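Here's the structure we're looking at; comments come further down.
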Amino acid sequence: GAGPGGATAARALARAPGAPRVTLVEANAETITCFFSNLYLGGLVPLAHLRHGHDRLAATPGLRLVHDRATAIDRDARRVVLAGGEVLDYDRLVLSPGIDFVPGSVPGWSEADAALMPHSYKSGDQVALLMQQVQAMPQGGTVAIVAPPAPYRCPPAPYERAAMIARTLRRVNPTAKILILDPKDHFTKQVLFEEGWGRHADGMIDWIGPEFGGAAVELRPDRMELLVEGEVQRVDVCNVIPAQRAGVLAQLAGLTAADGWVPVQAESMRAQADPAIWVLGDAADAGAMPKGAFAAHAQAYVAVDAILADLAGTAPHPPFYESACWSCLDKGDSVKLASSFAPQGGRIEQTATSISQPAEDAATRRATYDEAFSWYHTITAEMFG
C-alpha cells in the first residue's frame, strides 16, 4: 500500500545504503489523501490539492512500483499473490493496508449504501460525493454525521468534518443543521472543538452522545432516515463512519487479533504473528499511538531501521515514535495535539504530549493553521517524491 506508511517505508528502504530490492504494490493509479480531505469539505483547498500521481514515486531509484491489488499472502512460502496473476516472492514484507469497516456495525447500512449515505473515510472520490450532497441539499436541511466507536482512523476527523461542513453551509445554506450521533461519551479535543463550533458555526452543530441516543442509531438509506432510540429523524445528508478494523489483506494473512487489529512488537512494528512481516499505520495495534498519517509515517522509519538491521544481522537503533494532528476549526484557526511515544513493558506508551489551549490568540491559531499546511506538503513530498 502506498499510503503514509507504505510509500514512506518503500522510498526509505530503496534509498538506504546497500538497499534490498523493493517492490511497492498499490491498487490505485493515484492517491486522494484522506488527511486534509475535511479542508476540501470546508472550501479551503480544491480537490486537486488532495490528488497525487505516482510518477515521481515510480521513478525512485531502486523501487519497482506495481499498480495492482494484492489478493493473498502465503506466509509459509513468503509470497504475495496479485489480482493480475503475478506472484511476488519476499524476504521481508511490509503491510500498510489501512482500514476496513466492520460489517453490520451501523444497523441498516452497508458499503453498498455509500452512494446514498457516503462514508468518505477511505482514499478515493467519496469525499467529492459528500461535498456534492452538502451543496445540493435544501435550505434549512439537516446533515447527520454518524461517528464511530474507538479505535478508528484519525480520532478528531468526524468533529473537524462537522466544523468544515458548517463552514460551507454558512455560505450556501445558513439555516441548515448538523447532527453528530456519537456512541462515545467524550471525544478528542472536545473542549477545543466545542469552543470552535460556538465561535464559528452559529449554533449549527449539535453533538448527541450515548446518553441521548447517539449509540442507538439505525439507518434507512433508501428513505434518508435515521432511527434514534426508535424515533424517526429524516435527514438530507448522512455521513456514516462505521466501526473499523485492519484492512482486509491483514485479515486474509491471519495477522489480526480478535479485536480486528494487528498486534505488533513495540520496538519495531514487526507483526507478532510473523517475524518476516512488518505492519504499519491504521491496521496496526500500536498501543497508545493514534491511528493517523503522522503516526504511520513515523512508524515507517522505525520499521525501515529494524528491517535493515534484521537483514544485516545488526541491532536496530532505539525506536522513536511521535504523532501530531492538526484540526481546522475555520480558515486561519487550527488546533494541534502532539505526542511522543516509546516502548514500555512490551507496549507503545505515550511519554509526552502537548495540546492547543482554549482561548488562544488569533496569531497562535494562524501559526498552527499554517503549520498544518507545511506538514501536508512535507509528508506528501516524502511519500510521493
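Below, the figures for the structure above:
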{"item": "Single condition residue 377 does not satisfy, out of (1) under 30 Å from residue 2 (Cβ atoms); (2) in contact with a Lys or Arg (Cβ under 8 Å, 6 or more places away or on another chain)", "result": "(2)"}
{"item": "Subset of segment 327-350 [without any contact (Cβ under 8 Å) to a residue 40 or more places away in the chain, surrounded by 14 or more Cβ atoms within 10 Å (Cβ to Cβ) and farther than 29 Å from residue 31 by Cβ]", "result": "342"}
{"item": "Lone qualifier among 281, 287 - being on the phi > 0 side of the Ramachandran plot and either crowded, with 24+ Cβ neighbours inside 10 Å or touching a Leu at 6+ places or on another chain (Cβ under 8 Å) (or both)", "result": "281"}
{"item": "Boolean, residue 191 is closer than 28 Å to residue 51 by Cα and assigned to a helix (DSSP H, G or I)", "result": "no"}
{"item": "Residue in segment 263-274 that is basic (Lys, Arg) and surrounded by fewer than 18 Cβ atoms within 10 Å (Cβ to Cβ) present", "result": "no"}
{"item": "Qualifying residue in segment 211-223 (condition: over 30 Å from residue 142 (Cβ atoms) and surrounded by fewer than 16 Cβ atoms within 10 Å (Cβ to Cβ))", "result": "no"}
{"item": "Among residues of segment 84-121, those that are on the phi < 0 side of the Ramachandran plot and either touching an Asp or Glu at 6+ places or on another chain (Cβ under 6 Å) or modelled with pLDDT under 95 (or both), counted", "result": "3"}
{"item": "Odd one out for residue 30 among (1) in contact with a Gly (Cβ under 7 Å, 6 or more places away or on another chain); (2) under 26 Å from residue 322 (Cβ atoms)", "result": "(2)"}
{"item": "Some residue of segment 150-173 being part of a strand (DSSP E or B) and either of a type in the set (Ser, Thr, Tyr) or free of Cβ contacts under 8 Å to residues at least 12 places away in the same chain (or both)", "result": "no"}
{"item": "Residue match in segment 316-326 (condition: under 30 Å from residue 131 (Cα atoms) and touching a Ser or Thr at 6+ places or on another chain (Cβ under 7 Å))", "result": "yes"}
{"item": "Positions within segment 199-229 being assigned to a loop (DSSP other than H, G, I, E, B) and farther than 16 Å from residue 106 by Cβ, in sequence order", "result": "201, 202, 203, 204, 209"}
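Residues are listed down the side, and each one gets a yes or a no for (1) farther than 18 Å from residue 189 by Cβ; (2) part of a loop (DSSP other than H, G, I, E, B):
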site: 299; (1), (2): yes, no
site: 302; (1), (2): yes, no
site: 305; (1), (2): yes, no
site: 316; (1), (2): yes, yes
site: 339; (1), (2): no, no
site: 342; (1), (2): yes, no
site: 350; (1), (2): no, no
site: 353; (1), (2): no, no
site: 358; (1), (2): no, yes
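The values are calculated or read from the model by the stated rules, or taken from the named source; none is laboratory data. Since the model is a prediction, treat every value here as computed from it, not as a measurement. Ideal geometry is used to build each Cβ from the backbone, glycine not excepted, and the neighbour counts take in all protein chains shown.
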